[in-house]
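Read-outs: derived from the displayed coordinates by stated rules, not from any lab. All of these numbers come straight from a predicted model, not from anything done at the bench. Reconstructed Cβ throughout: ideal geometry from the backbone, glycine too, with neighbour counts over all protein chains shown.
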């Protein structure tokens with residue numbers, strides 16, 4: 001039998017809860033409606049999206065796929081204009097343009113100003129920064145490259161939060177051998193594998209920056225711009241090392257994190273994860289990073305609200321991120337209220353929804 005055909009069924013007989021509605025209204029602070037990451041939603045009617053959000057207790061969805069220029073305006077016209085406040089659009093960067101623009105930091109700062117006038121409510125920075133985007137000399141642009149300082153300063157001036165994704169799971173930076181816990185996932189998605197890594201702090205060597213080097217640069221970036229609000233996507237891009245993320249949150253009041261697409265990591269360390277949520281209850285934002293789906297929302301609510309044991313963290317027959325199960329962390333109501341909505345409302349400067 002092939003490993004890919006092995007799909008064991010748990011025979012545990014334990015309590016199971018179906019959580020179809022969240023304890024409090026939700027802001028999904030990390031999602032996608034564009035054609036690359038938004039799946040079928042890029043073509044479906046806006047009314048269908050509103051119906052899914054209504055049925056799942058989600059009052060606002062943050063769409064990180066706005067882009068820039070006319071594309072951003074079209075995106076806002078499609079998703080935001082029909083019901084302002086229901087969908088919030090973030091702007092993006094033009095990474096390819098950095099290869100020919102020696103003043104790319106100033107250019108991106110001007111582009112962000114333009115995006116703000118078009119209605120963008122924040123900036124999404126993708127992992128191209130630090131891993132693939134290059135300057136006119138052909139060198140990788142580091143996460144804390146000072147040439148981007150004008151961009152971060154402009155985000156602070158405009159009071160636009162920056163959702164930043166600069167690294168993937170640690171196993172993505174390991175050799176693809178029999179010890180790699182994400183072997184199946186990386187085999188199916190080889191472009192996600194950042195190997196071989198180059199020697200630490202050797203920018204001219206071939207290969208990708210090591211995971212710890214990327215996180216160190218992120219830490220320096222956030223510290224150097226204390227007036228800029230950063231949201232570290234995917235639990236600060238280090239869901240397997242909550243001690244590191246906790247230390248960064250303690251050191252940088254301007255840093256927040258979202259939990260998008262990291263149930264598989266958080267749920268396999270439930271004691272550590274629950275302590276992390278309790279310690280940083282005012283700094284964690286709810287998000288899914290998966291196309292709006294009632295089943296996805298129910299799974300997230302179950303993890304956050306119950307103490308259910310040993311359940312799947314995804315909807316696929318075979319776990320998508322690794323062959324393990326997760327446990328719920330049963331958060332208290334005050335923490336749920338903050339994580340579900342209050343933190344995102346504060347960070348995004350969102351007004352309360354209109355009364356029905």
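Taking square-rooted eigenvalues a ≥ b ≥ c of the alpha carbon gyration tensor, is the stretch 187-284 rounded, prolate or oblate, where a/c under 1.5 means rounded and, failing that, a/b exceeding b/c means prolate? Verdict is oblate for the stretch 187-284.
Annotation: the antiparallel percentage among DSSP beta bridges lying fully within the chain is about 10.
Sorted largest first, the principal axis extents computed over the alpha-carbon atoms of the stretch 240-356 equal 40, 40, 23 Å.
With a/c under 1.5 counting as rounded, go ahead and sort the chain into rounded, prolate or oblate using the C-alpha gyration tensor (a ≥ b ≥ c being the square roots of the eigenvalues; past the cut-off, prolate if a/b is larger than b/c, else oblate). Note, shape of the chain comes out oblate. Inter-label distance, residue 227 to residue 12: 5.0 nm, where each label sits 7 Å from its Cα along the C-beta direction. Distance in nm between label sites at residue 114 and residue 187, each 7 Å beyond Cα in the beta-carbon direction? For residue 114 paired with residue 187, the spin-label model returns 4.6 nm. Considering only 46, 14, 58, the Gaussian network model of the chain with Cα springs below 10 Å gives its largest mean-square fluctuation to 14.
Extension gain for residue 334-residue 134 works out to 67.6 nm (0.36 nm per residue, less the C-alpha to C-alpha distance). Take 210-221, 328-339 and order them by the average number of nearby Cβ atoms within 10 Å per residue, most first; the result is 210-221, 328-339. For the pair residue 102 and residue 271, label points projected 7 Å from Cα toward Cβ lie 5.8 nm apart. Per residue, the average separation of C-alpha pairs within less than 8 Å and at least 6 apart gives the chain a relative contact order of 19 percent.
Rounded, prolate or oblate: which one fits the stretch 1-71, using the alpha carbon gyration tensor with axes a ≥ b ≥ c (rounded when a/c is under 1.5, else prolate when a/b beats b/c, else oblate)?
Note, shape of the stretch 1-71 comes out oblate.
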